[in-house]
Amino acid sequence: MNTTPDVRMGKWEAVGLVAGREVKTRLKSKAFLATTAVTIVLLIGFTLVMKLVQGGSDASVGVAGGSTALEAPLKSTAETLGQTIDVHPVDEAAGRRQVDDGSLDALLVGDGSKIVVVVKKDIDGKLRSALDVLAGRLALNQEIVKLNGDPAAISQAVAEAKAVVEPLEPPFDYNGQQLVMGMIAGVLIYMSLLINGQSVAQGVVEEKSSRVVELLLATIQPWQLMAGKVLGIGVVGLVQMVAIGGFGLVAGLATGVLTISLSAAVGTVVWLIVWFLLGFFAYSLVFAALAALVSRQEDVGGVITPPLMFVILGYVLGISILPSDPGNHLVEVLSLVPLFAPTLMPMRMAMGGVPVWEAGLAVVLVLALIPALVWLSGRIYRNAVMRSGAKVKLVDALRAA
Amino acid sequence: MTVVAQRRLEIVGVSKRYGDVVALREMTFEVGAGELFGFVGSNGAGKTTTMRIALGVLAADGGEVRWGGEPITLETRRHIGYMPEERGLYPKMKVGEQLVYLARLHGLDAVTARRSVEEWTERLGVASRRDDEVQKLSLGNQQRVQLAAALVHNPSILVLDEPFSGLDPVAVDVMSKVLQDKAAEGVPVVFSSHQLELVERLCHRVGIVRSGHMVACDTVEALQAGGTVRLVVDAPNAQPGWADGVPGVVVEEQFGGRTVLELRDGADDQAVLRAALATGPVLEFSRRRQSLTELFRNVVSEHTPEVAA
């Protein structure tokens, strides 16, 4: 005799099963694994490149004979111009050979009363301007000596004379490394929202176009299917973000490229993850609802483009304005608006200088928006997901009971 | 007999309209425990709509679906095995994984689900394809997997929309056997089909639906009893008009010695036999009941909505 099995199931058990399937499917997908691996490799590669660039100097110059006295003045001149020039004394003949084989960029020769440079073919523009400044200073010193002045005292007086700036609002001192981290954070969150958000949309349409949705909805409720899908893909996205952020952080700290404090670096990664979660849930709910309106994969792009534009716009604004102007007022305002916050806020947070109230307000606004999105998206999804064929109009999906 | 009462599926006065189009009008029927119920009707008559409402994937405007006398709920729906008209499975998921997933969504634990999937894939002849993606299977095998999906959770009710469409004769036999076995276990089985000979052969009871309304619903025998009775007589020497003298008999067609006659109420078939023997030898003399196909044509083409109840 047929015995009726016990099929009582908790509300969230079905959600868990759906999410579990999504996680398994994503983790098995070669495209997903490849994207994650490539991103990690790129990030580590970028760190190594930074390491090499950081360690080297802009130019290597030899000083010979009477010019040996110019070693210190050349270094200090280069420094005031923001260049690092490696200067060391050499024997003139050996120096000329080194210029010829390329191990020296330039060799200063002569008696040291004026600048005479030996180069292989031509001189690098930056090095040339440093040497020009040095030549000017040398000439000035010689004139001062002729007038019986003390070149050292005058140099010091000139060096000490600076414009006194009185800021009305003390500016935040942005750190170059944090700016770079902000840009990386921007790229990562943009990529992640784009890839994982689209996965949600495609997953919804896959179920609709393959008609499996009817079989599923004969067993579970629409909200369980939608929630399971969003949660499952979100968990995978989270793991991906933690892995990428973690590897990047370790690479940066291990190579010594990252010299900012550990807490600031970890803070950046934590905020990145928080904003990924907030942004992912807000956007993917919208993507899932809109994707339910269409029945074919070809039509997914059309319906999710409008909300996707906000992700793209936020990213483009952030990446083009913030590196040169991290305190930009427009970006500051937009980063509080929930539509743009997921892309702009993590970039600003990584760059530093965000007041606590702004960081908190942005989070609170998105958190407040999510329940509204859950309700709205749930309604659209429920009304549209079983209607296959032509695209369901958004107003119809909202109106239908 | 409480067990039997609990297993009765009832569709009571269900109505549904899509805008101005009436899809279902007071659709009412019931399927008892262990009963194979055939659901027939023209395309668009409302069979699929009825089944979707029973499964809760579509909301009715009025009426009720009951199971064991109680309105069906989300929990009790999980006991239904369903095969939608639009077949659907994840194309890129492996057969075995997919069936385990569906069984678990119906509330089975992982171990039971796996065991049940093994059992049903073997019984339906797709065991060797368990590790293949669904999209790599032939349509016939996909159909078998689809049936397995309706059965893996050991359902207490089966609702199958066109389960025989697109099946080869061997698969039709497999499907028929499975449906008969499930009915024998005491499960109410409802299926729709356009293959009326099959419905006539398999089903205990048949419901004929037209324009969203049940116009005839009874056992095949009872439906046939209400229809006309025909006689087939093969008398090689019979000339046209040989049966004209027999009261209550109308000759429908005569081809060579073979005559098909319609027997009116109260007509004596033995009188027909005597008249036939009078012409010479009689090779065949048989009573032919109306086939379901004829019945269906009559019922569906009639203009009055109620023919039989």
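The values are calculated or read from the model by the stated rules, or taken from the named source; none is laboratory data. What you see is a predicted model; the values in this text were computed from it and never measured. Reconstructed Cβ throughout: ideal geometry from the backbone, glycine too, with neighbour counts over all protein chains shown. Protein only, heavy atoms only, side chains kept; ligands, DNA and RNA dropped before computing areas. Shrake-Rupley method; radii C 1.70, N 1.55, O 1.52, S 1.80 Å.
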For q = 0.11, 0.20, 0.25, 0.28 Å⁻¹, Debye-computed log10 I/I(0) when each Cα of the stretch A:145-217 counts as one equal scatterer: -0.67, -0.95, -1.07, -1.14
Take the Cα atoms of the stretch B:78-160, find their three principal axes, and give me the spread along each one in whole Å, biggest first. 30, 28, 21
How much of the pair distance distribution for the stretch B:2-219 lies past 32 Å, counting alpha-carbon pairs only, in percent? 15
How far is the Cα center of the stretch A:68-103 from the Cα center of the stretch A:145-216, in Å? 34
Considering the convex hull of the alpha carbon atoms of the stretch A:198-308, report its projected area averaged over all viewing directions, in nm², one decimal. 8.3
Could you order peptides B:92-99, B:11-18 by the average number of other Cβ atoms within 10 Å of their residues, highest first? B:92-99, B:11-18
Averaged over B:102-111, how many beta carbons belonging to a partner chain fall within 10 Å of each residue's beta carbon? 5
Which links in A:Lys28/B:Lys94; A:Lys28/A:Lys391; A:Lys24/B:Lys136; A:Lys208/A:Lys391; A:Lys28/A:Lys229; A:Lys391/B:Lys136 stretch past 22 Å when you go from one Cα to the other? A:Lys28/A:Lys391; A:Lys391/B:Lys136
Kirkwood Rh, the stretch B:228-289, all Cα pairs: how many Å? 11.2
When Cβ neighbours within 10 Å are restricted to other protein chains, what is their mean count per residue of peptide B:85-95? 5
Rg (Å, one decimal) plus Dmax (Å, integer) for the alpha carbons of the stretch A:331-401? 17.2, 51
Normalised per residue, the volume inside the convex hull of the alpha-carbon atoms of chain A in Å³ amounts to 205
If each part is reduced to its alpha-carbon centroid, the stretch B:153-199 and the stretch B:51-74 end up apart, in Å, by 21
Given N residues in the stretch A:324-372, what is its alpha carbon radius of gyration divided by 2.2 N^0.38 Å? 1.09
Kirkwood Rh and Cα Rg combined as Rg/Rh, the stretch A:60-160: 0.99
Expected field for A:Ile184, accessible surface area in Å² at 1.4 Å probe radius, rounded to 10, holds 50
The stretch A:232-372, Kirkwood Rh and Cα Rg, ratio Rg/Rh at 1.00
Which three extents, in angstrom, do the Cα atoms of the stretch B:47-88 have along their principal axes, listed largest first? 30, 23, 14
In square nanometres and to one decimal, what's the mean projected area of the convex hull around the Cα atoms of the protein assembly as shown? 48.7
Expected integer from the mean partner chain Cβ neighbour count at 10 Å over A:218-225 is 5
Before anything else, pin down the relative contact order of chain B: Cα pairs under 8 Å, at least 6 apart, normalised by residue count, whole percent. 21
Treating the stretch B:152-230 as a set of equal point scatterers at the Cα positions, no solvent, please give the Debye-formula log₁₀ I(q)/I(0) at q = 0.10, 0.14, 0.16, 0.23 Å⁻¹. -0.27, -0.53, -0.68, -1.22
Which whole-angstrom value gives the distance between the alpha carbon centres of the stretch B:15-37 and the stretch A:315-360? 58
Based on a Kirkwood Rh over C-alpha pairs, give the Stokes-Einstein translational diffusion coefficient of the stretch B:1-118 at 4 °C and viscosity 1.567 mPa s in µm²/s. 80
Furthest towards positive pole of dipole, B:Thr279, B:Val246, B:Ala33, structure part chain B, Cβ charges: B:Ala33
Which residue fluctuates most in the GNM of chain A (Cα springs below 10 Å): A:Thr343, A:Thr219, A:Thr47? A:Thr219
Using every alpha carbon pair in the stretch B:108-256, what percent of pairs falls into each 10 Å bin from 0 up to the bin containing the largest distance? 9, 29, 24, 17, 12, 7, 3, 0
Pairwise burial A:B, computed as accessible area of each alone minus the pair, summed, 1.4 Å, Å²: 3100
